[in-house]
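K.L.:
Have a look at this one.
All of the numbers you see were taken from the coordinates with simple rules; none came from a lab. Remember, predicted model here, so these are calculated numbers, not experimental data. Glycine also receives a Cβ, built like all others from the backbone with ideal geometry; neighbour counts cover every protein chain displayed.
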Amino acid sequence: MHLKYKFIAVFFSQKEKNECHYVLMATNTYYKNLSENNRGIFRIRTLLFLRTTGFNSEVGFLLKNNMKILISSAFVQITFGLNMMTLRTFNSIFVTPRSYSYLNNKAIFDGDVNLYTKKVNMSWPAIERGFDIPDDAMNLAIHEFGHCIFFENATRSFLFKIFKGRDFEVWKKEAVDALKRVQLRELKVLRDYAGTNSIELFSVSLETFFEKPVYFERKEPNLYWSMAHLLKQDPRNTSDPILK
């Protein structure tokens, strides 16, 4: 394990590390498939995210630690190849026991990133379902954290961007073409919601990238590899996905 992670690991008890391992082995397919060394890194990053993020829920709904660990793991999964280990802006997560709506809005939500409050809102049943079915290209936590990362990258100064400039430009070029093709129903790899705008395209692509990587790469190699270079990982290599 890299010296950086050995240092961070000192701040967490063995009990915390063990709990994190058992929860993720039972719930997160990405984690289960990693090598022992990568699992160790993943656990430390998960615990670091959990400790630096505010978790809240409705009164009367008990948000257990295993639930927080699973939610945190979605962020770590996306950023596992990046230097980014925490969120700066959207570091407050509110979990609801069911789908929800907003005042004067008839739409029903399972998740959203609120640009005004800087909060990430998600319903627990949808979060859980996203991990229970690991190969349907639908994972709410990954989707919403995709928005967080996209927005934070846009607001950071040049020197502190999450994505490398050239890699992001390549992805944006592919995204323009992909967005048109999704809207015309010519791109079958991504579900129709990806055609809403480039922000939704990014998050829907993330879900497919992690849950159907082989299919994604075979059908849309250019879009897939633009994502892989952006995130510095290839999830087809399940035990060691980080691009060298």
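K.L.:
What ³J(HN,Hα) values, in whole Hz, does the Karplus curve 6.51 cos²θ - 1.76 cosθ + 1.60 give for region 9-23 when θ = phi - 60°, with x put for Gly and Pro?
P.N.:
Values, residue by residue: 4, 4, 7, 10, 6, 5, 4, 5, 5, 5, 4, 4, 4, 5, 5 Hz.
K.L.:
Could you calculate the contour length gain from Arg98 to Leu159, that is, 0.36 nm times the residue separation minus the distance between their Cα atoms, to one decimal place in nm?
P.N.:
Working it through step by step, the gained length comes to 18.0 nm.
K.L.:
If you don't mind, another one. Please compute the Kirkwood hydrodynamic radius of the chain from all pairs of different C-alpha atoms, in Å with one decimal.
P.N.:
18.4 Å
K.L.:
A follow-up question, please. Evaluate the distance, in nm, between pseudo-label points positioned 7 Å from the Cα of Ile242 and of Ser198 along their respective Cα→Cβ axes.
P.N.:
Each label point is offset 7 Å from its Cα along the Cβ direction, giving 2.9 nm.
K.L.:
Do any trypsin sites (Lys or Arg not before Pro) in region 78-118 lie in a loop, going by DSSP, with at most 12 other beta-carbon atoms within 10 Å of their beta carbon, and if so which?
P.N.:
Counting only loop positions with at most 12 other Cβ atoms within 10 Å, the trypsin sites (Lys or Arg not before Pro) in region 78-118 are Arg98, Lys106.
K.L.:
Placing +1 at every Lys and Arg Cβ and -1 at every Asp and Glu Cβ, with all other atoms neutral, what dipole size does the chain have around its Cα centre, in debye to the nearest 20?
P.N.:
640 debye
K.L.:
Can you list which of the chymotrypsin sites (Phe, Trp or Tyr not before Pro) found in region 87-121 are DSSP loop residues with at most 13 other C-beta atoms within 10 Å?
P.N.:
Passing both the DSSP loop test and the Cβ count: Tyr102, Tyr116.
K.L.:
Right, another one. Taking the alpha-carbon centroid of each part, what is the distance from region 76-107 to region 1-58 in angstrom?
P.N.:
19 Å
K.L.:
Out of Glu36, Glu58, Glu169, any idea which swings most in a Gaussian network model of the chain, alpha carbons joined below 10 Å?
P.N.:
Largest GNM mean-square fluctuation: Glu58.
K.L.:
Find how much the distance from Asn18 to Met1 grows on full extension, using 0.36 nm per residue of separation minus their present alpha carbon separation; answer in nm with one decimal.
P.N.:
In short, 4.4 nm is gained.
K.L.:
What ³J(HN,Hα) values, in whole Hz, does the Karplus curve 6.51 cos²θ - 1.76 cosθ + 1.60 give for region 188-205 when θ = phi - 60°, with x put for Gly and Pro?
P.N.:
These are the phi-based 3J(HN,Hα) values: 8, 5, 9, 6, 4, 4, 5, x, 5, 5, 5, 5, 5, 4, 4, 5, 5, 4 Hz.
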